[in-house]
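Note sheet for the following structure.
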Amino acid sequence: MIDFKQKIAEQISNIANLPENKVYEYIEIPSDKKMGDFAFPCFRLAKELKKSPQLIAEDLKNKMSFDENIIDEINNLNGYLNFEVSKQAMIKTVLEEINLKQEHYGESEIGIGKNVVFDYSAPNIAKPFHIGHLRSTVIGGALYKIYKALGYKCIGINHLGDYGTQFGKLIEGYKRWGNEYNIDENPIDELTKIYVRINNLCKEDEKVLEDCRNNFKKLEDGDEYCTNLWKKFREVSLKEFQKVYDLLHVDFDSWNGEAFYSDKMQEVVDILQEQNLLVKSEGATVVDLSEKEMPPCIIEKTNGSTTYATRDLAAILYRARTYNFDKAIYVTSYEQILHFKQVFEVAKHLKLAEKYTDGLVHVPFGMVQLKTGKMSTREGNIIKLEDLLNEAISRVEDIMDTKNPELENKDEIARKIGIGAVIFNDLYNSRIKDEIFDWDTMLNFNGETGPYMQYIYVRTKSVLEKAGYIPEFKNIDFTKLEDEASMKVINKIYIFGDCIRQAAEKYEPYIIARYLIELAQNFSSFYNENKIIVEEKEIQDARLYLTYATGLILKSGAKLLGIEMPEKM
């Protein structure tokens, strides 16, 4: 496949005597097609070359020449050097690559030999798997798939919240009122009721809160009663969580939660102690981070029990040794930005190779909010994720009963559309934005939504089904695809691989989600402006093959986001 940006970068690099990789990074794809297919902003070189951007652009233009007839036109406009790629060169390179790679189009091997750990989802044991956990699950799952498409060896870890003071609370609540609740029949709901009840009592009585903290200390020390209860809470919780992961088609390579590191934390304490980094502060043991303008990182609480930070540090040690990671990516809410800054700073003192500490990445995201405001397990104000996903499926079934009552396999199709709508809605905006959950927006078949993108994919399938065949590549006449609507689709398909790389570099799945909507819209225009099933077979074959290529990319892109495509709807 011809990398047109690379060809342009080579020329500019040679003429201006600049590093090719730097020039490559500067080359842009203009939002307005009238500005060409690629643009180089010459103001980037003004300081180095001591010339105005306009003069630099004119000088470069006069000295550039492409041997392979790949560039039709070069223009100097306001200090930008704009390049228009030959239509035939673009069509040929895109469709040849589609024919060669099929569903692997856009993938690359830039990550071969590198390991990336993804820490995501991480619901809390004995609490509902609620809508607030959706973002970590789908963002982390998408990044896992995106990196895998680039050749990285990916390790997905569900760092379960199965340890901490909340279990001290739950154990205390169970001691007091366990016989009032049927945990075996409806585990999560009943455990939530106990948790809300004990939490309210803790607010009223400081002694009860102290009893809860002591329960957790007993759990850390291996107390049999507390340990057996904890195991039961974990087992029933995982069984419930699996229902959600099955609906979302999410899998993990490791389920090692916080408790897994309970016997690995002493090493962290010992290493920090050896380096005289541990100090006492208000009875707790901390690492002073005032030089980094951060609050102290608490390693042990006043009663000697450990913290999230201690367990995260132990996890970094374990993962470095076990997975030899090049990157360890943590996908959590922006509420934990300070926590990870502290942990990553302290991790520099764990006697690990610099490669590991340099590879620690926190990928924060905004919160999911209901129209009524923020959710809280303590207040009992939550929406269970399983209920939400089933509600999405049910609502799609109602829509389909109206639109296409005779449709076969309605249950399966409704599942793909409903679950896809929820995932796409979550991934369509930059992850750092808070998300307001709105059914009407999410399930709109005409907006910039998952159902719209799936609908356009189904349209590509129905066109091919109506034609009764997919043309052989060797029979395609590329000259039949030079119209504006066809070229918009081809140009968009060309940049798919670049979008995958950008999504990985920026940890932003929304780049792919937005890309898929734009491709779907471009195909819709192509479909409306060009009759595909026509008498002239050469035109029909060319347009059918472009239809086939579009469907292929829509399906591949959706798969990277964790979305399945229905074949009919």
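The values are calculated or read from the model by the stated rules, or taken from the named source; none is laboratory data. Since we're looking at a predicted model, the values are computed, not measured. Every residue, glycine as well, gets a Cβ built from its backbone with ideal geometry; the counts of neighbours run over all protein chains shown.
Scanning segment 1-25 for residues that are closer than 23 Å to GLU97 by Cα and of a type outside the set (D, E, K, R) yields a count of 7. With respect to THR357, is the statement that it is among the polar types (S, T, N, Q) and at pLDDT 95 or above true? It is true that THR357 is among the polar types (S, T, N, Q) and at pLDDT 95 or above.
Mind listing whichever residues of segment 3-53 are surrounded by fewer than 18 Cβ atoms within 10 Å (Cβ to Cβ), of a type in the set (Gly, Ala, Ser) and part of a loop (DSSP other than H, G, I, E, B)? Correct list: SER31, SER52. Of all the residues in segment 120-155, those that are closer than 18 Å to TYR195 by Cα and polar (S, T, N, Q) number 1.
Take residues that are without any contact (Cβ under 8 Å) to a residue 40 or more places away in the chain and surrounded by fewer than 19 Cβ atoms within 10 Å (Cβ to Cβ) and tell me which of the helices (runs of 4 or more DSSP H) falling wholly in segment 219-329 contain 3 or more. Working first, answer last.
Values: elements: 224-248, 265-274, 308-323.
Helices (runs of 4 or more DSSP H) meeting the threshold: 224-248, 265-274.
Of the candidates GLY79, GLY111, GLY106, the single residue that is crowded, with 16+ Cβ neighbours inside 10 Å, in contact with a Phe, Trp or Tyr (Cβ under 6 Å, 6 or more places away or on another chain) and either over 30 Å from MET565 (Cα atoms) or without any contact (Cβ under 8 Å) to a residue 24 or more places away in the chain (or both) is GLY79.
Taking the stated definitions as given, is GLU448 acidic (Asp, Glu), outside any helix (DSSP H, G or I) and surrounded by 17 or more Cβ atoms within 10 Å (Cβ to Cβ)? For GLU448, the condition - acidic (Asp, Glu), outside any helix (DSSP H, G or I) and surrounded by 17 or more Cβ atoms within 10 Å (Cβ to Cβ) - is met.
When GLU535, GLU508, GLU564 are checked against the criterion of being surrounded by fewer than 21 Cβ atoms within 10 Å (Cβ to Cβ) and touching a residue at least 12 places away in the same chain (Cβ under 8 Å), GLU564 stands alone in meeting it. Looking only at residues in segment 176-196 that are outside any helix (DSSP H, G or I) and at pLDDT below 90, the one that is farthest from the chain's Cα centre (by Cα) is ASN182.
Based on this model, can you work out whether ASP37 counts as without any contact (Cβ under 8 Å) to a residue 24 or more places away in the chain and either farther than 23 Å from GLY551 by Cα or not assigned by TED's automatic domain parsing to the domain that holds GLU472 (or both)? Spelling it out, it is not the case that ASP37 is without any contact (Cβ under 8 Å) to a residue 24 or more places away in the chain and either farther than 23 Å from GLY551 by Cα or not assigned by TED's automatic domain parsing to the domain that holds GLU472 (or both). Counting the residues of segment 473-497 that are without any contact (Cβ under 8 Å) to a residue 40 or more places away in the chain and either over 20 Å from SER525 (Cα atoms) or touching a Gly at 6+ places or on another chain (Cβ under 9 Å) (or both) gives 1.
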